[in-house]
Amino acid sequence: MRFLLDAEQAEFGRTLDRMLGAADTPSAVRAWACGDHGPGRSLWARLGEAGMFALAVPETYEGVGPLPVELAVAYVEAGRHAIPGPVVETAAVATLLAELPDPGRAKEWLPRIASGEALATLVAAPGKGSGGGFASGPYALDADAADAVFVASGDELRLATGHGPLRPSADPARRLFAPEGGTVVARGSAIRAAVGRATELAALLTAAQALGVGLELLRRTVEYVKRREQFGVPVGSFQAVKHRLADALIGLEFTRPLLFGAALSKSPVDVAAAKTAAGDAAYTAARTALQLHGAVGYTEELDLSLWLRKARPLRDAWGTPAACRARVVRPQSAPEVT
């Protein structure tokens, strides 16, 4: 079976690539890591104008979605350009609110999410019957920048009133907080099912983001080994270097059909397989990039570090490798996350 994006989907990805390539995303990422959200919010506004967030919002609420394949295309580009902020969580919140029995919250938030005006983040620990295995962990990503922090637990959805203290993260641009307090905005059995679908989308888009990070790490590394010389020749001409780069490329390219196949099927098992493959491929690309750049790869000043630091957190976010593999191997008895 051969899967290819159609012309419109491919052009959408290229358009986002050109738009983000013209922006100074490394500066926005560094500012975001220091708590300055201004440059990052400007990027979000441009992405909103391009329709990226509207892809997750139903037409009823001024969106054009849900369109999971187009979302996957967009989030690969988000990873390639290291867009800061809760991009995955905002799309997950859009899915969650759109499926609530009471449309009040959806009407309040979804048009703003679709336009890129509002950032939202989500803490979710799915339970029985809701796709256990895709979970955010105990922390809310970028809760200090989000306009709304939703916390889902069991049959209850809360809107948090505070974000708590900043927690350490391997990626300074992924700012983690433990939400405090909150008002219950919805209760009932429908919450559990809605959270399951929202977390499955979060896992899919995290896989897309990880793929984009891996692709950018590989691109930068290939450029570097072409320039760096040793013994009078580019190090990229060495057989051992070629083998490392080929291994990284194979992992990334094998991830593509899994990712877009999962976007088409919307199967939790397919999503878990894509998430596992993307996380492993991005992590392999990061290790390869670090080794082939040598000592310079460890420096904060090199933009490469902005992508290196994302690979490991994205591998574990919204479904650890162990949880995703368990879902693939035993789809009917995946471990519960509570």
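Laboratory data are not the source of any read-out in this text; all were calculated from the coordinates shown. Treat the numbers as computed from the prediction; the structure is a model and nothing was measured. Note that each Cβ is placed from the backbone with ideal geometry, even for glycine, and that neighbours are counted across all protein chains shown.
Details
- For the chain, the calculated P(r), taken from all Cα-Cα distances in 20 Å bins from zero up to the bin holding the longest distance, is 33, 58, 9, 0 percent.
- Crossing angle, helix 268-293 versus the chain [Cα axis fit, 0-90 degrees, rounded to tens]: 30 degrees
- With respect to the chain, whose longest principal axis is taken over its alpha-carbon atoms, helix 239-265 is tilted by about 20°.
- The chymotrypsin sites (Phe, Trp or Tyr not before Pro) of the range 187-262 that meet both conditions, a loop assignment by DSSP and at most 10 other Cβ atoms within 10 Å of the site Cβ, are F231.
- Separation between Cα centres of the range 39-101 and the range 264-303, rounded to whole Å: 22 Å
- Efficiency of FRET from Cβ geometry, F254 and Q291, R₀ 22 Å, rounded to 0.05: 0.55
- Springs join every pair of Cα atoms under 10 Å in this Gaussian network model of the chain, and among A106, A78, A198 the largest mean-square fluctuation is at A106.
- When you work out D = kT/(6 pi eta Rh) for the range 198-329 at 37 °C and 0.692 mPa s, using the Kirkwood radius from C-alpha pairs as Rh and the Stokes-Einstein form, the result is 217 µm²/s.
- Among 11-19, 264-272, the order from most to least packed when residues are scored by Cβ within 10 Å on average: 264-272, 11-19
- Between 0 and 90 degrees, the angle of helix 38-49 with respect to the longest Cα principal axis of the chain falls at about 80 degrees.
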